[in-house]
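Undergrad: Can you read through this structure? Questions will come right after.
The values are calculated or read from the model by the stated rules, or taken from the named source; none is laboratory data. Here the structure is a predicted model, which means the values were calculated and not measured. As a convention, Cβ positions derive from the backbone with ideal geometry for all residues, glycine included, and neighbour counts pool all protein chains shown.
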Amino acid sequence: MLIGIVGKPNVGKSTFFKAATLAEAEIANYPFTTIEPNEGVGFVRVDCAEKFFDVKCNPRQGFCIDGQRFVPARLIDVAGLVPGAHAGKGLGNKFLSDLVQADVLIHVVDASGSTDESGKSVEPGSYDPLNDIKFIEAELDAWFTSMLNENWGKFIRHALTLTPDKALHEQFSGFKISLDQVIKALKYTKLEGKKLMDWSGADIMDFASAVRKMSKPVIVAANKIDLPTSKKNIERLKKEFADYLVVPCSAESELALREAAKSGLIKYIPGNSDFEILKKDTLSEKQFKALEFIRTKILKEWDGTGVQKCLNAAALDFLHCIVVFPGGVSKLEDAHGNVLPDAFLLPPKATAFDFAAKIHTDLAKNFVAAIDVKTKRRVGKEHELKHLDVIEIMTRK
């Protein structure tokens, strides 16, 4: 699973990425700070299986705080997009191509209206952030449309040997689009019975838009909620784009909290609406006031910074992923004594065999059966796994 972070320059994308991953990403107050994509690991928050077994886990990847497990998920932060990106403006076609493998997109928007369409800083409230949703939608749709329009005549001739759904699926082979998504897009646009050679330009655009929405769903991270002009704009965003998930965010606050927690100054569980100061005596007056501002004006008022909500929504609500833990009926430790050391994100309807293959190809090759460790029930390779299952894989000796 890959989560893509998009938006125009200077809206806080790189801050969002760094807050989610604590990876080093250049952050500056000018357009096109990011040129090459930043790739890193964010985390999806779930209840840890340690609660069920009344043990304390030792994650090898990710981390666990008070029974909340943070499971690794891949993130990519591409450079800022501007109107005309699909045609190459601002190197936009290159930046769009960085997103082809993304499963879901988080669109970071400056909800305060303090960044114009090109990414330049302006007076808060002087720019309408609703325009950003519209232009990103238009750029993504135009990008997908261009992939179909390119060599359309040659594509039509080749498509004569295939059914339309399979021909279109092959045309988008590099875009991580499933055949099922192509079929659904054809039905949605009522083009499933129309020959490709009879498609109009409008048909191509309609299909491209539909398959884009199905294969690259978008979550709106309404950033910069610390500024007073954001509140009214967020209400407008939710009303105007009712079919979108709009999450109020303060990436800058999340980054400050994560770094303070890493330094041992506070105890903070990403996604919570409060934190605990551990070393008050070591904080300067400026640091203390900054933390209290985040507590009262961000966490309490907005029920969190929104960053973790975006990541969880992407993986669990939009992609319907499940988290599964490897474990054994006789012991939950690995060879090094780590308790429940791993947790994996899997696609919906993943089977016991899929889980074995996810862990290691040898486990899939020698698969015999699996055991649901919570119920101690033996299951077969086609057994569909549930969220937060703990599974032991049995193999041939």
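Undergrad: May I ask you to verify whether residue 71 is under 23 Å from residue 346 (Cβ atoms), modelled with pLDDT of 95 or more and in a loop (DSSP other than H, G, I, E, B)?
TA: Spelling it out, it is not the case that residue 71 is under 23 Å from residue 346 (Cβ atoms), modelled with pLDDT of 95 or more and in a loop (DSSP other than H, G, I, E, B).
Undergrad: With the structure loaded, tell me whether residue 353 is assigned to a strand (DSSP E or B) and among the aromatic types (Phe, Trp, Tyr) or whether it fails that test. Even if it seems obvious, please write down each step before you answer.
TA: On the way: assigned to a strand (DSSP E or B): no; among the aromatic types (Phe, Trp, Tyr): yes.
No.
Undergrad: Can you tell me how many residues within the stretch 97-132 are among the small types (Gly, Ala, Ser) and under 19 Å from the mean Cα position of the chain (by Cα)?
TA: So the first thing to find is which residues in the stretch 97-132 are among the small types (Gly, Ala, Ser), and the list is 97, 102, 111-114, 118-119, 121, 125-126.
Subsequent filtering for residues that are under 19 Å from the mean Cα position of the chain (by Cα) retains 97, 102.
Residues that pass the stated criteria total 2.
Undergrad: May I pose another question? Quick one: in the stretch 348-397, of everything that is in contact (Cβ under 8 Å) with a residue 60 or more places away in the chain and of a type outside the set (A, V, I, L, M, F, W, C), which residue is nearest to residue 103 (Cα to Cα)?
TA: 387
Undergrad: Only one of 27, 3 is more than 17 Å from residue 253 (Cα to Cα) and either at pLDDT below 90 or buried (at least 16 other Cβ atoms within 10 Å of the Cβ) (or both). Can you tell me which? Step through it out loud before you land on a result.
TA: Numbers: 27 fails: more than 17 Å from residue 253 (Cα to Cα).
It is 3.
Yes/no per residue for (1) more than 24 Å from the chain's Cα centre (by Cα); (2) among the hydrophobic types (A, V, I, L, M, F, W, C):
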site	(1), (2)
219	no, yes
225	no, yes
230	no, no
242	no, yes
280	yes, no
286	yes, no
302	no, yes
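Undergrad: Examine the stretch 356-374 for a residue that is closer than 30 Å to residue 13 by Cα and part of a loop (DSSP other than H, G, I, E, B), and state whether such a residue exists.
TA: The first filter runs over the stretch 356-374 and keeps only residues closer than 30 Å to residue 13 by Cα, leaving none.
Looking through the stretch 356-374, none of the residues is closer than 30 Å to residue 13 by Cα and part of a loop (DSSP other than H, G, I, E, B).
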